[in-house]
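These notes concern the structure reproduced below.
The values are calculated or read from the model by the stated rules, or taken from the named source; none is laboratory data. Worth saying up front: this structure is predicted, and the values here are computed from it rather than measured. All Cβ positions, glycine included, derive from the backbone under ideal geometry; neighbour counts span all protein chains shown.
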Amino acid sequence: MTISCSINLESVLKQLDLLPSILQEEIKDSMQTAMDMVRDYAQENHRYKDQSGTLTKSIQSSVSDDGNTGTVFTDDPAASFVYYGTKAHFIAPANAKALHWQDPAKGNLFSKGHMVKGIVGEKFIENAFAANREEIIDLFTTGIQSAIDKAGF
């Protein structure tokens, strides 16, 4: 008596061939959603005072063409001072004899230079990522599962 079993892997191999491109597409979509989520959170949940809105509006997100790298960034020149903070330092006029500013309560104020206290930095992009960490992990988990489902496994 002979007992035999045959397995045809052709259909499985065809499905496996589809998986990388479907997976790459799902990862890129998940990356874009995650970077937009971090960007939006950083714009909406910060402690710094942005009187003009320029710094907040400058927070952007991007994803590489292959979807493997996502970035949330700002190109505002003031961003590094807000992000990392500053030490106490002396400020002096550069092109005039005195500094001039207006205070609503005191009116026009002048100074030949003075010490200013530093500011504590606020890592608003890192904070945004940390606040959304679990949701970002879920995004990628769902994307990978979706790719597996689309490939027919």
Exercise for the section: Go through (1) part of a helix (DSSP H, G or I); (2) surrounded by fewer than 13 Cβ atoms within 10 Å (Cβ to Cβ) one by one and return the number of the condition I136 breaks. Expected result: (2)
Fill in the blank from the handout: Wholly inside segment 1-116, strands (runs of 3 or more DSSP E) that include 1 or more residues that are under 36 Å from the mean Cα position of the chain (by Cα) are 59-63, 70-74, 89-91, 99-103, 114-116
Practice task
Determine, yes or no, whether T86 is touching a residue at least 12 places away in the same chain (Cβ under 8 Å) and polar (S, T, N, Q).
Solution key: yes
Practice task
Determine if segment 41-57 includes at least one residue that is within 21 Å of A147 (Cβ to Cβ) and in the same structural domain as N127 (by TED's automatic domain parsing).
Solution key: no
Exercise for the section: Looking only at segment 99-118, count how many residues are basic (K, R) and surrounded by 10 or more Cβ atoms within 10 Å (Cβ to Cβ). Expected result: 1
Handout entry: Which numbered condition S58 fails, given (1) surrounded by 15 or more Cβ atoms within 10 Å (Cβ to Cβ); (2) in contact (Cβ under 8 Å) with a residue 24 or more places away in the chain
Key = (2)
